[in-house]
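Have a look at the structure below before the remarks.
Each reported figure results from applying straightforward, stated rules to the coordinates on display, with no laboratory input. Note that the structure is a prediction, hence the values are computed from the model and not measured. Neighbour counts are summed over all protein chains in view; Cβ atoms, including those assigned to glycine, are modelled from backbone coordinates with ideal geometry.
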Amino acid sequence: MPSAPNEFCVEASAEPKGSLARHVQEWQAEHLPALASAESRKEYKRMFDKVIECLGEFDTNEVRPGDVLTFLANWSDKPTARRAYKARLSTFFAWAVIHEYAQFNRKRPVSTVPTTVW
């Protein structure tokens, strides 16, 4: 993890709307109770608290794939954690599209695995 707590957090535009934090909380209220174990619920909550800390000032529809990559850079030395955050964000943005909070899944076009171009 970087030495500065928000070193890789993305700065929102001058006048952020902040709907992402509200939508993450709405997603949590809808999905966390359905998780089987209390430990899973606690871990999801912890992860989404970090998402809110770093991206919460954004409007959900204005988060760009580059913003997500910048956020995921927090775990560049921890691939398992990075994949877990990527999965949680993908699930959240898929839900946001269904609820018309976002027009497309911001996480889908982003790859955290290096690819080789032939």
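Summary table
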item: Cα gyration tensor shape for region 19-98, rounded if a/c is under 1.5, else prolate or oblate; result: oblate
item: Under Karplus coefficients 6.51, -1.76 and 1.60, residue-wise ³J(HN,Hα) of region 79-93 in Hz, glycine/proline x; result: x, 5, 5, 4, 5, 5, 5, 4, 5, 4, 5, 4, 4, 4, 5
item: Student exercise, region 19-98 dipole from Lys, Arg, Asp, Glu Cβ charges, in Debye to nearest 20; result: 340 debye
item: Relative packing of 86-97, 37-48, which averages over residues the other C-beta atoms within 10 Å, highest first; result: 86-97, 37-48
